[in-house]
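Everything below concerns the one structure shown next.
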Amino acid sequence: IIIVIFFIFNNCDDEHHDMTYYKFKKEGELTFTDTTGNPIIKIDIEIADNDYERQLGLMNRESMEEMQGMLFIFPVERYQSFWMLNTLFSLDMLFINSNKEIVTIHKNTTPLSEQSYPSSEPAQYVLEVNGGFCDRHNISLGDKVFWMGSTLSINK
């Protein structure tokens, strides 16, 4: 009985103790503009521009600040699909075409879900921000984004 109790108490630790949590690393700034080019809001971004970073995404993070996001950069424009596996908080996912125009928005995604969130049109970029961000800051389909990063300049 003592061995069973010892085993139970040792294995009842919060699972998060063994989990490695990642922290936000600012790698650039992104500006949202409306369809006429008027600035809406600016946020700090972390950039995922290689296979490993794109696969990891925002998994295993406890949270993200309101004015932060992760920008996924793909080598070519095509239909994209994301999911929330191992993502602990709700996101708004913005799919952006090669002209930097928002073509699909999935709002308030479900944490830890395997549900697929696909783009409705081809996209070369995907931006993830906190769930509800688009509603709080009036971000809509057709709005554009421009960004500058520490190692890249994709603002042309």
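The values are calculated or read from the model by the stated rules, or taken from the named source; none is laboratory data. If you're wondering where the values come from, they're calculated on a predicted model, not measured in any experiment. Counting neighbours? That spans all protein chains shown, and the Cβs are built from the backbone with ideal geometry, glycine included. All accessible areas refer to the heavy atoms of the entire protein, side chains included, with ligands and DNA or RNA removed. Shrake-Rupley method; radii C 1.70, N 1.55, O 1.52, S 1.80 Å.
For R136 and F74, FRET efficiency with R0 = 22 Å and r from the beta-carbon atoms, rounded to 0.05? The computed FRET efficiency comes out at 0.25.
Compared with the direct C-alpha span, the chain from Y21 to N38 gains 2.5 nm at full extension, assuming 0.36 nm per residue. Electrostatic bookkeeping for F24 treats Lys and Arg as +1 and Asp and Glu as -1; over the other residues with beta carbon under 9 Å from its beta carbon, the sum is +1.
If K107, K100 are ordered by their accessible area, calculated over protein heavy atoms with a 1.4 Å probe, which sequence runs from highest to lowest?
From most accessible down to least: K107, K100.
Each 5 Å bin, from zero up to the one with the longest distance, holds this percent of the alpha carbon pairs of the stretch 75-118: 5, 23, 30, 19, 14, 8, 0.
Cross-link reach is defined here as a Cα-Cα straight distance under 25 Å, omitting same-chain residues fewer than 8 places apart; for K107 the lysines meeting it are K23, K25, K26, K42, K144. In this simple spin-label model, placing a label point 7 Å from the Cα along the Cα-to-Cβ direction at both N99 and R54 gives a separation of 2.3 nm. Other residues lying with their Cβ under 11 Å from the Cβ of D44 contribute a combined charge of -2, Lys and Arg counting +1, Asp and Glu -1.
For the stretch 87-103, the Karplus equation 6.51 cos²θ - 1.76 cosθ + 1.60, evaluated at θ = phi - 60°, returns couplings of 9, 8, 9, 5, 10, 9, 10, 10, 9, 10, 7, 5, 8, 6, 9, 6, 10 Hz by residue, with Gly and Pro reported as x. Multiplying the residue separation of L85 and M67 by 0.36 nm and subtracting their alpha-carbon distance yields 4.2 nm.
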